[in-house]
């Protein structure tokens, strides 16, 4: 929700209506200023993916896609780190916003699949 707020309500960034505006600060040849809202988003997302790596390995039930989820969380954390270090944070926040929305859809789909699988009734 905070990423949604950043994209829609922060007046200095109009990335949804003008996606190329995230590159304007780079045209001067200097790195753009890091915004405090972006730092909060990156900190929360990094904490989430660190926890997800731990949870996938040690807390979750082991399923067929567990290794894939582990790799997914590790790659997402690596991309967060690389975009932060190289100061590509405005495109990174947009990718995080889109990624989180698709992750929610994926989790709802997986949940409905597992619920359907466990609620099978035998007919006598």
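The values are calculated or read from the model by the stated rules, or taken from the named source; none is laboratory data. Everything quoted here is computed from the prediction, not taken from an experiment. When we count neighbours, we look across all protein chains shown, and the Cβ atoms used for this are built from the backbone with ideal geometry, even at glycine.
Quick check on my filter: what residues within the range 64-120 are at positive phi and part of a helix (DSSP H, G or I)?
Answer for the range 64-120, where residues must be at positive phi and part of a helix (DSSP H, G or I): there is none.
Can you spot a residue in the range 30-37 that is over 19 Å from residue 87 (Cα atoms), outside any helix (DSSP H, G or I), modelled with pLDDT under 85 and in contact with a helix residue (DSSP H, G or I) (Cβ under 8 Å, 6 or more places away or on another chain)?
no
Would you check if residue 93 is under 30 Å from residue 16 (Cβ atoms), surrounded by 12 or more Cβ atoms within 10 Å (Cβ to Cβ) and in contact (Cβ under 8 Å) with a residue 60 or more places away in the chain?
Yes; evaluated as a whole, the condition is true for this residue.
Does residue 56 satisfy the criteria of being surrounded by fewer than 11 Cβ atoms within 10 Å (Cβ to Cβ), out of contact with any strand residue (DSSP E or B) (no Cβ under 9 Å at 6 or more places or on another chain) and at pLDDT below 85?
Judged against the criteria, residue 56 is not a match.
Being farther than 16 Å from residue 1 by Cα, touching a residue at least 24 places away in the same chain (Cβ under 8 Å) and within 13 Å of the chain's Cα centre (by Cα), is that true of even one residue in the range 20-32?
Looking through the range 20-32, none of the residues is farther than 16 Å from residue 1 by Cα, touching a residue at least 24 places away in the same chain (Cβ under 8 Å) and within 13 Å of the chain's Cα centre (by Cα).
Could you grab the pairs with beta carbons closer than 6 Å, sequence gap of 6+ or different chains, first residue in the range 77-88 and in contact (Cβ under 8 Å) with a residue 40 or more places away in the chain, second one buried (at least 18 other Cβ atoms within 10 Å of the Cβ)?
84/42
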